[in-house]
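A short write-up of the structure that comes next.
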Amino acid sequence: MAGKDHLWGVVLAGGEGKRLQEFIRKRYGVERPKQYSAIIGKRSMLRHTLDRVEKIIPPKQLQIVVARKHRKYLPDVLKEREKKSVLYAPENRESAASIFLALSHIYFRDPEAVVAIFPSDHFIGEEDRFLRYVELAISFHEEHPDYVVLLGIKPTEPVPEYGWIEPSKKFLVHKGNRFHKVVRFREKPSLETAQQYFNKGWLWNSLVLAAKCDLLVKMYRQHLECIYNAFKNAKTTYGTDSEEGFIENAFSDIPPLSFSKSILEEIPDSLFVLRVEGILWSDWGSKDQVLKDLDILGVPRA
C-alpha cells in the first residue's frame, strides 16, 4: 500500500439501531444506540471500530460522523486526539447524507484523497485479517482509480436484511487475490430471493469500500443531485463561523436515502468486489443475530 498522506477514513456512527435498543436496555441496563454499547467486553462498538481503523489510517485523517443528539455518549468513547475528527449530523438522513457530509469535508481539505469507509455497528471477529483485506482493497484501487472497491463477505446463511453483491466471472488479479467485477447489487431482498443469491454464490455487502474522494463526489452529482446541490457551497463556509448553520440548512433540504441503494445499485459498472473469507462478520441489526454470534464466541447469554 502506498503512503498514507492522502489516505482518509470515514467512520459512520450516526444510526439509531432501533431494532436492538430493547435488547441492549434489558441486557446491559442502558439506553443508547448499539454503536455506543459494549456488547462484548468493555469497549463500545464504535471504540472497537476506531481502534481497528487507526491501525492503518492516521487519526488526524479520520472523519467520524455522529448524530448531534448522540453527543452525550462521546466522552466515554473518544480519545482526545479524535475529538477534532467528529462531524455532527443535525438530523438523521440515513447513510447517503452522512457519507457525503464526510466526503465534502475531506475533499475540501485534500482533493487528492483516497477514502475508506467503515460502519461502526458491525461485528468483526478476526480484526487483523479483516484489515489485510482492507489494505488489499486500497492497494488495488491505487492501481485502478476509476473504480470503487467493495469488501464482499462470503455468506454463511441467506440473510434478507443485508445487501447482496453478484460477482462477475470476470476478474483482475492483484497481489494474488481476485477482484471481481460486479454484475448487480441488491439491498435487502426477500428471504426467498436471499436464498437464491446464497445458492448462486453472491456475497454480503460489508459497506466497507475504498475509492477516490473525487470519484465518489462525481457519483453523487450524477445519481444524488439533491445531496450534491445541498452541499455545493460547502467550500465557502467550511472552517468559518457559518459552517454549523450551513450543515443545518443542507440537512433540512435532503431526504433520508440509503447510500447502498441510491449509489451502489446505480453504478455496477464502476464496482469491483474482493471476496472476504475466514472472518466472523455480522451486521448486528437484530437480537437473534447478536445472540447467535455470542453463542459462537462462547459468551454467556445471561
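The values are calculated or read from the model by the stated rules, or taken from the named source; none is laboratory data. The structure displayed is predicted, hence computed values, not measured ones. Note that we place each Cβ from the backbone using ideal geometry, even for glycine, and neighbour counts take in every protein chain shown.
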Consider only pairs whose beta carbons are under 6 Å apart and that are at least six residues apart or on different chains; among these, list those whose first residue lies in segment 220-249 and is closer than 19 Å to S95 by Cβ and touching a residue at least 60 places away in the same chain (Cβ under 8 Å) and whose second residue is surrounded by 13 or more Cβ atoms within 10 Å (Cβ to Cβ) and polar (S, T, N, Q). L224/S262; F231/S104; A234/S104
If you go through V134, V149, the only one that is of a type in the set (V, I, T), assigned to a helix (DSSP H, G or I), surrounded by 20 or more Cβ atoms within 10 Å (Cβ to Cβ) and modelled with pLDDT of 95 or more is V134
Members of segment 29-47 that are touching a helix residue (DSSP H, G or I) at 6+ places or on another chain (Cβ under 8 Å), within 13 Å of A13 (Cβ to Cβ) and not hydrophobic (A, V, I, L, M, F, W, C): R32, P33, K34, Q35, Y36, S37, S44
Anything in segment 208-256 that is under 21 Å from L150 (Cβ atoms) and either modelled with pLDDT under 95 or of a type in the set (D, E) (or both)? List them, or say none. D214
Restricting attention to segment 230-262, and to residues there that are of a type outside the set (S, T, Y), surrounded by 13 or more Cβ atoms within 10 Å (Cβ to Cβ) and touching a Phe, Trp or Tyr at 6+ places or on another chain (Cβ under 7 Å), which single residue is farthest from A137 (Cα to Cα)? A250
Considering only segment 170-189, state which residues are among the basic types (K, R) and modelled with pLDDT under 95. R184, R186, K188
Inside segment 1-115, counting only helices (runs of 4 or more DSSP H) that do not spill past its ends, which hold 1 or more residues that are among the aliphatic types (A, V, I, L, M) and either modelled with pLDDT of 95 or more or closer than 24 Å to M219 by Cβ (or both)? 45-53, 94-109
Tell me whether segment 161-170 contains one or more residues that are in contact (Cβ under 8 Å) with a residue 40 or more places away in the chain, over 15 Å from E266 (Cα atoms) and more than 15 Å from the chain's Cα centre (by Cα). yes
Would you call P155 modelled with pLDDT under 95, in contact with a helix residue (DSSP H, G or I) (Cβ under 6 Å, 6 or more places away or on another chain), outside any strand (DSSP E or B) and closer than 25 Å to K287 by Cα? no
When every residue in segment 244-302 that is in contact with a His (Cβ under 9 Å, 6 or more places away or on another chain) and assigned to a loop (DSSP other than H, G, I, E, B) is compared, the one farthest from Q222 (Cα to Cα) is W284
With A194, A210 as the choices, which residue is in contact with a His (Cβ under 6 Å, 6 or more places away or on another chain) and surrounded by 14 or more Cβ atoms within 10 Å (Cβ to Cβ)? A210
Candidate set: segment 193-218, residues that are without any contact (Cβ under 8 Å) to a residue 60 or more places away in the chain and in a helix (DSSP H, G or I); chosen: the one nearest to L271 (Cα to Cα): K218
Selection within segment 271-302 - surrounded by fewer than 18 Cβ atoms within 10 Å (Cβ to Cβ) and closer than 30 Å to F171 by Cβ: E277, G278, I279, L280
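Residues are listed down the side, and each one gets a yes or a no for (1) among the aromatic types (F, W, Y); (2) under 30 Å from L297 (Cα atoms); (3) under 17 Å from the mean Cα position of the chain (by Cα):
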| position | (1), (2), (3) |
| --- | --- |
| A97 | no, no, yes |
| F100 | yes, no, yes |
| H105 | no, no, yes |
| D121 | no, yes, yes |
| R129 | no, yes, no |
